[in-house]
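Working notes, beginning with the structure itself.
The numbers here are math on the coordinates, done by the rules we state, and not lab data. Worth saying up front: this structure is predicted, and the values here are computed from it rather than measured. Heads up, the Cβs are rebuilt from the backbone with ideal geometry, glycines too, and the neighbour counts pull from every protein chain shown.
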Amino acid sequence: MVALRVTKVGDDLAVVLTEELRDALGVVDGGTLYAEAGEAGEFTLVGRDMSFEGRRTRGRLFISRYKRTLEALAK
């Protein structure tokens, strides 16, 4: 478990990520971090969008990138 420090930035609150956590999440300055709500009210931080739309978008990008290979395999 990693403890995160909460600081006030203007009218908002910000969480300070340690270098270890930034590396594990793959987050860079200006990147996006997603918080997923669990059934028991807990939250999980993830470095990429794991929603259905996010997975579908990544899948379509994969298919478009390897379209010729996938067509050859389908023959």
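When only alpha carbons of the chain are considered, Rg and Dmax amount to 17.8, 59 Å.
Between the residues TYR34, TYR66, ALA14, the greatest Cα displacement towards the positive end of the dipole of the chain, with unit charges on the Cβ of Lys, Arg, Asp and Glu, is found for TYR66. In a fully extended conformation the segment linking VAL28 and GLU53 would gain 6.8 nm over its present Cα-Cα distance, using 0.36 nm per residue. For the chain, a simple Cβ point-charge model (Lys and Arg +1, Asp and Glu -1, everything else neutral) yields a dipole of about 760 debye relative to the Cα centre.
Relative to the longest principal axis of the Cα atoms of the chain, the long axis of helix 52-65 makes an angle of roughly 40 degrees. Amide H contacts under 5 Å for ARG48: TYR34, restricted to partners 5 or more places along the chain or on a different chain, H placed in the peptide plane at 1.01 Å from N.
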